[in-house]
Amino acid sequence: MHHLVPHAVGTNHSTTPRLMAYFRVSHSQHATRRLDALRDPWLDYPALNA
């Protein structure tokens, strides 16, 4: 999930366990551009940046 997407944890009031899938996706150059990506949320999405 992108760090600027709002998200929260809610209490599960049902008797059915809640399942979750967690995916970490990052740009191939993320390690060298990490702070730039935090400053510019559209850095790795040039089509949306225009």
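Worth pointing out:
- When the Cα positions of Tyr45, Ala31, Thr15 are compared along the charge dipole of the chain, Thr15 comes out farthest toward the positive end, with charges on each C-beta of Lys, Arg, Asp and Glu.
- Karplus-derived 3J(HN,Hα), 6.51/-1.76/1.60, for each residue of region 16-22, Hz, glycine and proline x: 8, x, 8, 9, 9, 10, 10
- Magnitude of the charge dipole for the chain, about its Cα centre and with charges confined to Cβ atoms of Lys, Arg (+1) and Asp, Glu (-1), is about 140 debye.
- Label-to-label distance, Leu35 versus Tyr22, with points set 7 angstrom from Cα along the beta-carbon direction: 2.7 nm.
- Debye log10 I(q)/I(0) at q = 0.28 Å⁻¹ for the chain, Cα point scatterers: -1.23
- Helix 30-39 axis versus longest C-alpha principal axis of the chain: approximately 80°, rounded to the nearest ten.
- Report summary: the helix-based calculation at 222 nm, which adds -39500 (n - 2.57) for every DSSP H run with n ≥ 4 and divides by the residues of the chain, gives -7000 deg cm²/dmol.
- Per-residue surface analysis assigns His30 an accessible area of about 70 Å², computed on protein heavy atoms at 1.4 Å probe radius.
- Accessible surface calculations at 1.4 Å, restricted to protein heavy atoms, place the chain at 103 Å² per residue.
The values are calculated or read from the model by the stated rules, or taken from the named source; none is laboratory data. This is a predicted model, so every value here is computed, not measured. Cβ atoms come from the backbone with ideal geometry, glycine included; neighbour counts cover every protein chain shown. Remember, those area values only see protein heavy atoms, side chains included, never the ligands or the DNA or RNA. Shrake-Rupley method; radii C 1.70, N 1.55, O 1.52, S 1.80 Å.
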